[in-house]
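Heads up, the thing below is written out as structure tokens.
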Amino acid sequence: MAVERSMAKRPNWSSGFAFIMATLGSAVGLGNIWRFPYVMGQNGGALFLLMYILLTIFICSVPLLCELLLGKQMRRGVIRSYEKINKKFSIFGWLCFATSIFIPCFYFVVGGWTVNYIFIYLFGTIPVNEISQATFDTFAAQPVAPLIMGIIFLFLCAIFPFRGVNKGIEQANNIIMPLFIIMLFFLAVTGLFLDNSIEGLKFMFQPNVENFTFKTVLTALGQALFTLSVGMGCLVTYGSYLKKDSDIIKSSTLLIIGNTIIAVLAGIMIFPAVFSFNLEPSAGAGLVFITLPKVFAALPFGQFFGLMFFVLLFFAALTSGISLLEVSIAAILEKFKISRKIATVIMSSIILIFMVPTTWSFGPLAGYKLFNMTFFEIMDFTASNILLPLNTIILCVVVGWILKPKMELLTNNKKFYDVFTFLLKFIVPPVLILLMLFGLGLV
Ligand code: TRP
């Protein structure tokens, strides 16, 4: 009876559209915009894209479906889902929970930077043609300003899980994601009209066998897993709000296709413009906060384009940030039977505390290093190279060998199910172990 009542209370996505927008919102983030296009250009162009697509279909889709399946079957967040398989497995849920604190600690700092750039372009506090490397360096090195921007970003992410799955998370993604896609199309098409835009397209797409090595394959795999938000229980949590009859294969296919198209479009938005003004392509903070402002400085209506780009980047980071927060919120809410609002406040406060040293890694704490890494870099390295692959390996082993997921929750095609379980049990775990060794610099 008690169980039934708690089941009844569990929120559900109100439509298939809402679920796809939410998972797409989680997947599309900084990974698509500031990493994918550059990594593709550096690692063999179209060949990299092909490899990335193949790896996504044959490797990444397996843990992706596995997470959704676990959530759909258990209808719980990560900790309780693992606990329901076996009490002793709750540790694996806690490991995902820990990851969901590690990632926001650096991700939200960058989110704060996007907020700062929105202010700069919106109010014109710095003239567009004076925004430079020094603008970024001076800002990031301050003790207070970047922290305030990070807190604003954290607060904006937290509002939605605080309001609930339907009224908060779902509404945010239903509105933001279509808007994001329209803005992306607009900027990508505009970029193509610039002089020499073809050079940027060549950088991204030209197949280059020389740059295509074994390392490329593992880089593509790591990128695919991160960008699809696999390895932390985001999809377990979002999958737990699915109705029993929802078709997760169809949603995952749409998610994978949509996410890939968006990553490629992000490159089409960025590189033609970068090459058109003879700037150097790069990845990460340098690309979006230093190189692109130079593009906006040279463009007519630069302030408008700059503002639009940073709003777009903010939207991408925001919807991913919401999904990152929801993992830990859903987990402790059911584990300790507290209200959603209290869970949100607790998790936001914990993340806020850890955000202080990551933010200060660019200023007051820049000199403090462990293994030659700043606190920001340690959090990023531990999450991306250790926790995410480890969680994914554990997920595949536990679900494949112990839980043995119900076929009817996935498909009614026996052949498909057999291929899926074969990949899950025998192929994906060793491949992920290889990826983890690579991330640790051991292969
Ligand atoms: N996928 C997002 C990006 O590309 C980041 C992200 C959100 C993520 N949730 C995640 C990464 C869970 C790993 C695990 O930016």
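For the chain, with all protein chains in place and a probe radius of 1.4 Å, 70% of the accessible heavy-atom surface sits on carbon or sulfur.
Quotient of the Cα radius of gyration of the stretch 298-409 and 2.2 N^0.38 Å, N being its number of residues: 1.48.
Within the full protein context, the accessible area of MET407 is estimated at about 50 Å² for a probe radius of 1.4 Å. A 1.4 Å probe run over the protein chains yields, for the stretch 47-121, 27 Å² of accessible area per residue, whole-number rounding. Remark: C-alpha extents of the chain on the principal axes read 65, 48, 44 Å, sorted largest to smallest.
Distance from the Cα centre of the stretch 393-443 to that of the stretch 270-288, in angstrom? Between the Cα centres of the stretch 393-443 and the stretch 270-288 lies a distance of 38 Å. In degrees from 0 to 90, rounded to the nearest 10, what is the angle of the helix 171-192 Cα long axis to the longest principal axis of the chain? Computed tilt is about 40 degrees.
Angle of helix 61-74 to the longest C-alpha principal axis of the chain, folded into 0 to 90 degrees and rounded to 10: 50°. Model label sites at ASN129 and ILE261, defined 7 Å from Cα along the beta-carbon direction, differ in position by 3.9 nm. Averaged over residues, the count of other Cβ atoms within 10 Å places the peptides 279-288, 373-382, 260-269 in the sequence 260-269, 373-382, 279-288, highest first. In order along the stretch 346-356, phi translates into HN-Hα couplings of 4, 5, 4, 5, 4, 5, 4, 4, 6, 6, 5 Hz, rounded to whole numbers, per the Karplus curve 6.51 cos²θ - 1.76 cosθ + 1.60 with θ = phi - 60° and x for Gly and Pro. Anything over 23 Å Cα to Cα? Flag those among LYS84/LYS406; LYS167/LYS404; LYS88/LYS406, in the order listed. Over 23 Å Cα-Cα: LYS167/LYS404. ASP245 sits with roughly 130 Å² accessible to a 1.4 Å probe, with DNA, RNA and ligands left out of the calculation. Helix 90-123 and the longest principal axis of the Cα set of the chain meet at an angle near 30°.
Taken over the stretch 37-171, the convex hull of the Cα atoms encloses 190 Å³ per residue. Its convex hull of Cα atoms gives the stretch 22-87 a direction-averaged projected area, equal to a quarter of the hull surface, of 5.7 nm².
For the peptides 50-62, 215-227, the ranking by mean Cβ contacts within 10 Å, running from highest to lowest, is 215-227, 50-62. Of the peptides 414-425, 386-397, 88-99, the order by per-residue mean of other Cβ atoms within 10 Å, starting with the highest, comes out as 386-397, 88-99, 414-425. Of all aspartates and glutamates in the structure, those lying under 19 Å Cα to Cα from LYS244, and not within fewer than 8 positions of it along the same chain, are GLU4, GLU67, GLU170, GLU408. Cα-based values for the stretch 175-275, radius of gyration first and Dmax second, are 17.0, 52 Å. A 1.4 Å probe run over the stretch 280-326, with the rest of the protein chains in place, finds 27 Å² accessible per residue.
Listed by chain and number, the aspartates and glutamates placed with their C-alpha closer than 15 angstrom to that of LYS9 are GLU334; residues fewer than eight positions away on the same chain are left out. Under the convention that each Lys and Arg Cβ holds +1 and each Asp and Glu Cβ holds -1, the size of the dipole of the chain around its Cα centre is about 1940 debye.
Pulled fully out, how much extra length does the chain show between GLN206 and ILE386, if you take 0.36 nm times their separation in residues and subtract their Cα-Cα distance?
Computed gain between GLN206 and ILE386 is 61.6 nm.
Phi angles across the stretch 229-241 convert, under the Karplus curve 6.51 cos²θ - 1.76 cosθ + 1.60 with θ = phi - 60°, into 3J(HN,Hα) values of 6, 8, x, 9, x, 4, 7, 5, 5, 5, x, 6, 9 Hz, Gly and Pro given as x.
Which cross-chain or sequence-distant (5 or more) residues have an amide H under 5 Å from the amide H of GLN206, H modelled 1.01 Å from N in plane? When sequence neighbours closer than 5 places are left aside, the close amide H contacts are ALA46.
The values are calculated or read from the model by the stated rules, or taken from the named source; none is laboratory data. The model shown is predicted, which means the values in this text are computed figures rather than measured ones. Reconstructed Cβ throughout: ideal geometry from the backbone, glycine too, with neighbour counts over all protein chains shown. What goes into the accessible areas is simple: the full protein's heavy atoms, side chains included, and nothing from ligands, DNA or RNA. Shrake-Rupley method; radii C 1.70, N 1.55, O 1.52, S 1.80 Å.
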